[in-house]
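The structure under discussion appears below in the form of structure tokens.
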């Protein structure tokens, strides 16, 4: 009997935490800058808010629909169309959002005398057990001097004097 109020309290905490994050870092304007907007219908912010809160609720969209826990104003096809949209620049979105997080929350934690370093790393994202993954390629790993199945991953990382490690953006290079 005590599990229902606890689950309800957790949902309220997740909702308030995600709402605070979206307001503090102005995610709506970042989405718009990354070309994620619609001329009519459900606002993209509500779709993205739903997907973002699912991650922290540790639930898939399928289970959310199956249990009927969250009443949303859109169907699952709307979410799929949003995720498949070719107009949205997700790299720009992650870069702008991480820039806002760095400027608003992390930058003031460090001293001006500390050295900021931007590391760009081209690493291998290995998928050795996979054979039928879309766009999977056989690539040469120069560090291990052997061929592997996987993807090339380009990471941009911000590092400040052993204090934190933040990845503002990444790109999968498909061969």
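Every number here is computed from the coordinates shown, using simple stated rules; none is lab data. Everything numeric in this text was worked out from a predicted model, so none of it was measured. With ideal geometry, Cβ positions are generated from the backbone for all residues, glycine too; neighbour counts draw on all protein chains shown.
Rounded, prolate or oblate: pick one for the stretch 3-88, where a ≥ b ≥ c are the square roots of the eigenvalues of its C-alpha gyration tensor, a/c under 1.5 means rounded, and failing that, prolate if a/b is larger than b/c, else oblate.
Taking the square roots of the gyration eigenvalues as a ≥ b ≥ c, the stretch 3-88 is oblate.
Size of the stretch 50-94 along its principal axes in angstrom, Cα-based, largest extent first?
Principal extents (largest minus smallest coordinate, Cα): 34, 21, 14 Å.
If each residue of separation counts as 0.36 nm, what is the full-extension length gain between residue 106 and residue 32 once their alpha-carbon separation is subtracted?
Separation in residues times 0.36 nm, less the Cα-Cα distance, equals 24.3 nm.
With each label point set 7 Å from Cα along the Cα-Cβ vector, what nm distance links residue 40 and residue 56?
So the two model labels end up 3.4 nm from each other.
Multiplying the sequence separation of residue 122 and residue 10 by 0.36 nm and subtracting their Cα-Cα distance, what value in nm do you get?
36.4 nm
With r defined as the distance between the Cβ atoms of residue 72 and residue 142 and R0 fixed at 35 Å, what FRET efficiency is calculated, to the nearest 0.05?
Using R0 = 35 Å, I get an efficiency of 0.15.
Using a Förster distance of 45 angstrom, determine the FRET efficiency expected from the C-beta separation of residue 131 and residue 87, and round it to 0.05.
The calculated FRET efficiency here is 0.85.
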